[in-house]
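One structure below.
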Amino acid sequence: MPTPSETRTLISYLDAQREHVLGILEGLDDQALRRPVLPSAWTCLGLVHHLAHDVERGWFRAVIAGETDVIETLHSDIENAWQVTADTPAKDVLDNYREEAERANTILAVTSLDAAPAWWPQGQFGDWRLDTVREVVQHVMVETACHAGHLDAVRELIDGRRWLVLT
């Protein structure tokens, strides 16, 4: 089944934000990826782990696709969403983000943007709810862009590098 034009456009914009997340981290060593820079103490790897598990996996595989195994583990994973153990290789975290993004794109390619989510985390967001796949994609795009901005600020604090600016 061919992917409709609007879906391709949304995927391309979302992919651009995902590329930003990964691109701003290029060249950082393991120590820098694990170093908390802000008072809240999150790390670059922790943020990417959050994007892979809560954002890509949660919104696409659980909410849009209704994958039961993901839904069952979603709440238990929330406590550790921003945590990466010292023995988890940075490459594994970054690769998992890429893999979850690919899975999300596959789900989007075969799902109508007008469809209702297959599952919704009742009570987790109060009365707030996204009613269509399109709204979920737009939400994820905004959340990913926001976190890419967080990574921009942290990267500049670490070594002065700025996204898309030669320094």
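The values are calculated or read from the model by the stated rules, or taken from the named source; none is laboratory data. Owing to the predicted nature of the structure, the values given are computational and were not obtained by experimental measurement. Here the Cβ positions follow ideal geometry from the backbone for every residue, glycine too, while neighbour counts run over all protein chains shown. Surface accessibility is based on the protein's heavy atoms, side chains included, excluding ligands, DNA and RNA. Shrake-Rupley method; radii C 1.70, N 1.55, O 1.52, S 1.80 Å.
For this structure, a couple of remarks:
- Label separation (ARG35 vs ASP131): 4.8 nm, computed from points 7 Å beyond Cα along the C-beta direction.
- Taking 0.36 nm per residue of separation and subtracting the Cα-Cα distance, full extension of the segment from ALA109 to GLN83 would add 6.3 nm.
- Span per principal axis, largest first, for the Cα atoms of the range 25-167 (Å): 44, 32, 28
- Treating each Cα of the range 104-167 as one equal point scatterer and applying the Debye formula with no solvent, the log10 of I(q)/I(0) at q = 0.13, 0.14, 0.21 Å⁻¹ comes out as -0.55, -0.61, -0.87.
- Ratio of the Cα radius of gyration of the range 1-105 to 2.2 N^0.38 Å, where N counts its residues: 1.14
- Acute angle (nearest 10 degrees) that the helix 5-25 long axis makes with the longest principal axis of the chain, alpha-carbon atoms: 20
- The chain, dipole about Cα centre (Lys/Arg Cβ +1, Asp/Glu Cβ -1), debye to the nearest 20: 360
- Cα shape, the range 83-122, gyration tensor, a/c 1.5 rule: oblate
- Expressed as a whole percent, the accessible surface of the chain that belongs to carbon and sulfur atoms is 53, based on a 1.4 Å probe.
- Inter-site label distance for ASP159 and TYR13 at 7 Å from Cα along Cβ, in nm: 3.2
- For the pair GLU102 and ALA118, label points projected 7 Å from Cα toward Cβ lie 2.0 nm apart.
- Ranking by accessible area, most exposed first, for HIS53, HIS150, HIS75 with a 1.4 Å probe: HIS75, HIS150, HIS53
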